[in-house]
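The values are calculated or read from the model by the stated rules, or taken from the named source; none is laboratory data. Everything quoted here is computed from the prediction, not taken from an experiment. FYI the Cβ positions are ideal-geometry reconstructions off the backbone, even for glycines, and counts take in every protein chain you see.
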Number of protein chains: 2
Amino acid sequence: MKIYDIRAPNPRRVRIFLAEKRLELPLKAVDVGAGANRSSEFLEKNALGKLPVLEQDDGTCISESVAICRFFELKYPNPPLMGVDAVDQARVEMWNRRIELGLFRTTADYFQHSAPFFKDQFVQLPAYAASAKASAETELGLLDEALEGRRFFAGDRFTIADITAWVAIELGTPSVFTLQPDFKNLMRWHAEVSSRPSASA
Amino acid sequence: MKIYDIRAPNPRRVRIFLAEKRLELPLKAVDVGAGANRSSEFLEKNALGKLPVLEQDDGTCISESVAICRFFELKYPNPPLMGVDAVDQARVEMWNRRIELGLFRTTADYFQHSAPFFKDQFVQLPAYAASAKASAETELGLLDEALEGRRFFAGDRFTIADITAWVAIELGTPSVFTLQPDFKNLMRWHAEVSSRPSASA
């Protein structure tokens, strides 16, 4: 197995997930700047030309970060990062989706609608970028509230929801938002997650 | 257990999922028009005020449609709607996410940025609505290509990815797009999925 990789937030989610599982896979860098992700060879692996992609030894390819994480969770259940029993798995999925469709999406939208890197890929709308930035700040406040009295988003255990939130915060700081000292819960959580060895993955 | 419900696309995904599992749960209608989803009682169940919400008999609440589906998939594995082995589960998740973050998101974005119903909830940007509509049309073409030589999105088996795509198409037709006869694969797939008893859920 190997993973087609790039230094970007979604591949980073998978790298952190693997580090938490203590799994080491060959990472094959794809030169997106040179258009390698648009080659016919790569589009066979993922028709959307996006990264990361997990390639099995038989050539089967899985894309979408959370789908790749799901594969490793099922193959290597320990430590569990996507919940244990049915209610817990559903709770982790709820938090991961809420954070992904909230903070992660709005932060990424801000960059897609404002960063020069994306100007040829999207019709950039400055008014939408401004709206996304304001939404990201709101989402950050909601996450601070969610962490009141809880060590991690889904409870006592570190999960994929924490990975998604941490990567979104790394992406958004400082261009989109900064972690205000008022966000006591989020500051405490962020310090703990940042100190995990997987944070350097 | 009960589900807090409303006639809207995300709750519909859960209703179809339950119908495919042959599960019948009490559905409790929430009067969103009257603001019942913003009551302190409901916000205790889902701080975001969104539907659907699954409430367990012990009061535990799970929101986010796919997280609710995950719970029922784990409790009632047959028929499987989220894949079987690790590769298959990852493939289903890949397709479900691709469709949700593609066709479903862009279609919903169009309405959020153009429909009078949403004018008090969002800063509506007509330019963004137009961009979302164009993206939804592009996504529809990609889904037609994806169904070439395949009965369902993730292969031979009907899955949650088909539910997400079908609900998105019901939502988008005819305001955002229409299924063109050119989309032969999608037309064939749509006719088959529409004929399933769960389509009326």
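On the basis of being hydrophobic (A, V, I, L, M, F, W, C) and either under 19 Å from the mean Cα position of the chain (by Cα) or farther than 23 Å from A:Val66 by Cβ (or both), does B:Ala90 make the cut? Yes; evaluated as a whole, the condition is true for this residue.
Could you please tell me which pairs satisfy a Cβ distance under 9 Å, a separation of 6+ or placement on different chains, a first residue in the stretch A:170-182 that is touching a residue at least 24 places away in the same chain (Cβ under 8 Å) and hydroxyl-bearing (Ser, Thr, Tyr), and a second residue that is crowded, with 19+ Cβ neighbours inside 10 Å and not in a helix (DSSP H, G or I)? Pairs found: A:Ser175/A:Ser114.
Exactly one residue out of B:Ala115, B:Ala199 is surrounded by fewer than 17 Cβ atoms within 10 Å (Cβ to Cβ), of a type in the set (Gly, Ala, Ser) and more than 18 Å from the chain's Cα centre (by Cα): that is B:Ala115. If you scan the stretch B:75-87, which residues turn out to be touching an Asp or Glu at 6+ places or on another chain (Cβ under 8 Å) and within 18 Å of A:Val66 (Cα to Cα)? Within the stretch B:75-87, B:Leu81, B:Met82, B:Gly83 qualify. Regarding B:Ala127, is this residue hydrophobic (A, V, I, L, M, F, W, C), within 11 Å of chain A (Cβ to nearest Cβ) and part of a helix (DSSP H, G or I)? Here the answer is yes, as B:Ala127 does meet what is asked.
Here is a yes/no grid of residues against (1) in the same structural domain as B:Phe153 (by TED's automatic domain parsing); (2) crowded, with 16+ Cβ neighbours inside 10 Å:
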site: B:Ala19; (1), (2): no, yes
site: B:Glu24; (1), (2): no, no
site: B:Val30; (1), (2): no, yes
site: B:Ala47; (1), (2): no, no
site: B:Asp57; (1), (2): no, no
site: B:Trp95; (1), (2): yes, yes
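Restricting A:Asp162, A:Asp144 to those that are in contact with a helix residue (DSSP H, G or I) (Cβ under 7 Å, 6 or more places away or on another chain), within 14 Å of chain B (Cβ to nearest Cβ) and on the phi < 0 side of the Ramachandran plot reduces the list to A:Asp144. Of the numbered criteria (1) facing chain A (nearest Cβ under 10 Å); (2) touching a residue at least 24 places away in the same chain (Cβ under 8 Å); (3) farther than 30 Å from B:Leu142 by Cβ, the one B:Asn96 fails is (3). If the condition is being under 22 Å from the mean Cα position of the chain (by Cα), more than 11 Å from every other protein chain (Cβ to nearest Cβ), of a type outside the set (D, E, K, R) and farther than 28 Å from B:Gln89 by Cα, then the stretch B:44-72 contributes only B:Gly49. Yes or no: A:Leu51 more than 14 Å from A:Asn10 (Cβ to Cβ) and either of a type in the set (A, V, I, L, M, F, W, C) or buried (at least 19 other Cβ atoms within 10 Å of the Cβ) (or both)? Criteria not met by A:Leu51.
For the stretch A:32-42, a residue qualifies if it is part of a loop (DSSP other than H, G, I, E, B) and modelled with pLDDT of 95 or more, and exactly one does: A:Ser39.
Taking (1) surrounded by 15 or more Cβ atoms within 10 Å (Cβ to Cβ); (2) more than 8 Å from chain B (Cβ to nearest Cβ); (3) out of contact with any Cys (no Cβ under 6 Å at 6 or more places or on another chain); (4) outside any loop (DSSP other than H, G, I, E, B) in turn, A:Met82 satisfies each apart from (4). Hey, does the stretch B:102-114 have a residue that's in contact (Cβ under 8 Å) with a residue 40 or more places away in the chain, at the interface with chain A (Cβ under 9 Å from one of its Cβ atoms) and out of contact with any strand residue (DSSP E or B) (no Cβ under 9 Å at 6 or more places or on another chain)? Among the residues of the stretch B:102-114, at least one is in contact (Cβ under 8 Å) with a residue 40 or more places away in the chain, at the interface with chain A (Cβ under 9 Å from one of its Cβ atoms) and out of contact with any strand residue (DSSP E or B) (no Cβ under 9 Å at 6 or more places or on another chain), which makes the answer yes. Does the stretch A:51-67 hold any residues that are free of Cβ contacts under 8 Å to residues at least 40 places away in the same chain and within 22 Å of B:Leu147 (Cβ to Cβ), and which are they? Scanning the stretch A:51-67 gives A:Gly59, A:Thr60, A:Cys61, A:Ile62, A:Ser63, A:Glu64, A:Ala67.
For the stretch A:56-69, the count of residues that are at positive phi and either in a helix (DSSP H, G or I) or modelled with pLDDT of 95 or more (or both) is at least one. Can you tell me which condition B:Phe122 does not meet? The list is (1) within 20 Å of the chain's Cα centre (by Cα); (2) part of a loop (DSSP other than H, G, I, E, B); (3) among the aromatic types (Phe, Trp, Tyr), and all the others hold. Failing condition for B:Phe122: (1).
On inspection, A:Asn10 does not qualify as part of a helix (DSSP H, G or I), facing another protein chain (nearest Cβ under 9 Å) and under 30 Å from B:Leu51 (Cβ atoms). Has the stretch A:71-85 got at least one residue that is within 27 Å of A:Phe111 (Cβ to Cβ) and among the small types (Gly, Ala, Ser)? No, there is no match, as no residue in the stretch A:71-85 is within 27 Å of A:Phe111 (Cβ to Cβ) and among the small types (Gly, Ala, Ser). Just so you know, in the stretch B:125-136 the residues that are more than 19 Å from the chain's Cα centre (by Cα) and not polar (S, T, N, Q) include one that is farthest from A:Tyr128 (Cα to Cα), and it is B:Ala134.
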